[in-house]
Amino acid sequence: MAAAAGLVLKVRQLSTTAARPATKLVKPPIQVYGLEGRYATALYSAASKQKKLEQVEKELTRVWSLLKDPKLSSVVMNPHTKSSVKQKAVNEALAREKMTPITVNLMNLLAENGRLRYTPGIVSAFGKIMSAVRGEVVCTVTTAQPLDEANLSELRSALNGFLAKGEVLKLETKTDPAILGGMIVNIGEKYVDMSTRSKIQKLTKIMRETV
């Protein structure tokens with residue numbers, strides 16, 4: 001019990017609710033923003049000190065899957081449910097999964113503060129930090145239709161040319177029929193819109209300006 005209480009205090013001290021000197025944190029390789037980013041950064045620091053980064057990353061993904069279960073979600077995502085009831089429901093769900101105290105304490109903190117709705121954002125922010133730890137550069141490519149294997153292979157080859165030595169491409173593809181054709185590329189902090197929709201919008205703007 002004493003060890004668990006100590007871990008709760010540790011996570012609280014590293015949480016967004018406590019003003020701690022920056023030197024107390026183990027800084028992640030990249031900065032993530034917003035409330036979700038601050039929780040993810042605190043979690044990274046706590047997990048890094050205990051050398052459980054990969055384990056916590058896997059657990060967070062599992063946590064979000066659990067919270068999407070209709071039975072559990074109806075309790076923990078209900079704004080009218082008391083924090084104590086949410087905590088109890090979360091604890092019972094996580095206990096069955098035998099998760100680390102770090103993950104359990106984070107979820108207790110979110111339940112207590114009425115912030116469980118931020119879980120997917122925290123999972124995403126922590127994932128970005130872990131990608132940076134592994135030297136991965138996340139690239140999201142949006143096309144109107146799914147790309148076949150030949151196009152995917154050609155795309156990966158082209159994108160790898162933008163990477164620095166030691167970096168690894170992590171390609172994510174999405175489809176959005178609204179862009180009509182072409183593609184939209186997000187790689188690192190770069191954004192390139194080569195969609196047909198964008199070209200049509202630019203052409204329309206030029207034609208209107210010439211009238």
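Could you grab me the full set of residues in region 177-196 that are open to solvent by 80 Å² or more (accessible area, probe 1.4 Å) and on the phi < 0 side of the Ramachandran plot?
P177, E189, K190, Y191, M194
Could you tell me whether any residue of region 16-30 is touching a Lys or Arg at 6+ places or on another chain (Cβ under 8 Å), modelled with pLDDT under 85 and within 30 Å of G188 (Cα to Cα)?
yes
Taking region 62-72 as the search range and keeping residues that are under 30 Å from S131 (Cβ atoms) and among the charged types (D, E, K, R), which one is least open to solvent (accessible area, probe 1.4 Å)?
Ranking the qualifying residues of region 62-72, first place goes to D69.
Among residues belonging to region 73-96 that are more than 21 Å from the chain's Cα centre (by Cα) and in contact (Cβ under 8 Å) with a residue 12 or more places away in the chain, point out the one that is most open to solvent (accessible area, probe 1.4 Å).
By that ranking, first place goes to P79.
I'm told E59 meets every condition in (1) open to solvent by less than 50 Å² (accessible area, probe 1.4 Å); (2) acidic (D, E); (3) over 19 Å from L43 (Cα atoms) except one. Can you identify the failing condition by its number?
(3)
Looking at region 175-183, can you tell me whether even one residue there is assigned to a strand (DSSP E or B) and under 30 Å from P29 (Cβ atoms)?
yes
Which one is surrounded by the fewest Cβ atoms within 10 Å (Cβ to Cβ) among residues in region 136-172 that are charged (D, E, K, R) and assigned to a strand (DSSP E or B)?
Going through the qualifying residues, I end up with E172.
Looking at (1) open to solvent by less than 60 Å² (accessible area, probe 1.4 Å); (2) under 14 Å from Y44 (Cα atoms); (3) touching a residue at least 40 places away in the same chain (Cβ under 8 Å), which is the only condition K128 fails?
(1)
Condition check ((1) under 25 Å from S131 (Cα atoms); (2) in a helix (DSSP H, G or I); (3) at pLDDT 90 or above) across all residues:
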| site | (1), (2), (3) |
| --- | --- |
| K10 | yes, yes, no |
| T41 | yes, yes, yes |
| S48 | yes, yes, yes |
| T81 | no, no, no |
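Based on what the data block shows, is T103 closer than 21 Å to G121 by Cβ, at pLDDT 90 or above and open to solvent by 70 Å² or more (accessible area, probe 1.4 Å)?
Criteria not met by T103.
The values are calculated or read from the model by the stated rules, or taken from the named source; none is laboratory data. Keep in mind that this is a model prediction, so the values were computed, not measured. When we count neighbours, we look across all protein chains shown, and the Cβ atoms used for this are built from the backbone with ideal geometry, even at glycine. When the accessible area is computed, the model is the full protein with side chains, heavy atoms only, and any ligands, DNA or RNA have been set aside. Shrake-Rupley method; radii C 1.70, N 1.55, O 1.52, S 1.80 Å.
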